[in-house]
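Working notes for the structure below.
The values are calculated or read from the model by the stated rules, or taken from the named source; none is laboratory data. Everything quoted here is computed from the prediction, not taken from an experiment. Reconstructed Cβ throughout: ideal geometry from the backbone, glycine too, with neighbour counts over all protein chains shown.
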């Protein structure tokens, strides 16, 4: 009971922030920014005030940790394994090109701009997988700072804002078909809300395909999280040259919440859950994630994020632009060699 009392004020505060974010998002003409980012920014705005009160600390920490994982697990309800087959062989091959580009260019940018490996990979993962959800999922696994998570989310938003405005116009200018444009947007744009907005701005057919491809990309978060969990653990073991090198125990580093995510995807794929229940769980996931990101915002100040510098933002733009170009040109190559 004492535990609940100690965390309740912070949890309620984070819930209040998420509710305000939902209201703000509904007021906006289109779902461009997304509830999660609005919640993060609101939390950061409140940070200078809330950080003075210890009353909220434990609850904020609980929300940014536990509720984040619950939200990620429930996000699996939006996916089904049949969507992977629906996306088709062209989309899956195209994703391999964009994944390779995102992490390859990210590595080069890290070396050139001398960026922290955690932040550079958060930027790459945001571009390669699914924007804010990917950042929120990977960040705690590699023990990234809250300011690094906030920075990566902000960089994602800035680029997505440009894509929603420019991409439909570019697609029509260069004469892309509904299929080509849908594949392009589905593999090159970061956040789901931006994919939907940019896709349907071109055509209904392009929007539907882009959304399916985008959701399929989300499944790649599973192997990515496992790989980076191992890398992070290996780096921690090598911090000291004099530390005894021990074998990495998979049971200790495995992010078990990913199994929950896959279990929910499997349950959705089985078709046993009725659509009304799917909609309810989807709404819960959409609420838990902004609540958790509001908590991360409450622990992060704008001054801290600004202190990260301009170079990571430039790196984020370079990674995004590289993926956009590769996604567009790889389509032609794939169709040529597989036709």
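Figures for the structure shown
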read-out	value
Condition broken by residue 269, with the remaining ones in (1) surrounded by fewer than 15 Cβ atoms within 10 Å (Cβ to Cβ); (2) more than 21 Å from the chain's Cα centre (by Cα) satisfied	(1)
Test: residue in the stretch 80-93 that is at pLDDT 80 or above, within 30 Å of residue 313 (Cα to Cα) and buried (at least 23 other Cβ atoms within 10 Å of the Cβ)	no
Residue that is farthest from residue 78 (Cα to Cα), among those in the stretch 162-199 that are surrounded by fewer than 18 Cβ atoms within 10 Å (Cβ to Cβ) and touching a helix residue (DSSP H, G or I) at 6+ places or on another chain (Cβ under 8 Å)	172
Residues being over 15 Å from the mean Cα position of the chain (by Cα) and in contact (Cβ under 8 Å) with a residue 24 or more places away in the chain - total across the stretch 177-195	8
Of all residues making up the stretch 272-288, the number that are modelled with pLDDT under 85 and under 23 Å from residue 24 (Cα atoms)	1
Out of 8, 12, 46, 19, sole residue that is surrounded by fewer than 19 Cβ atoms within 10 Å (Cβ to Cβ), in a helix (DSSP H, G or I), out of contact with any helix residue (DSSP H, G or I) (no Cβ under 8 Å at 6 or more places or on another chain) and at pLDDT 85 or above	19
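A quick yes/no check of all residues on (1) part of a helix (DSSP H, G or I); (2) over 17 Å from the mean Cα position of the chain (by Cα); (3) surrounded by 24 or more Cβ atoms within 10 Å (Cβ to Cβ); (4) at pLDDT below 90:
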position	(1), (2), (3), (4)
95	yes, no, no, yes
110	yes, yes, no, no
128	yes, no, yes, yes
134	yes, no, yes, yes
137	yes, no, yes, yes
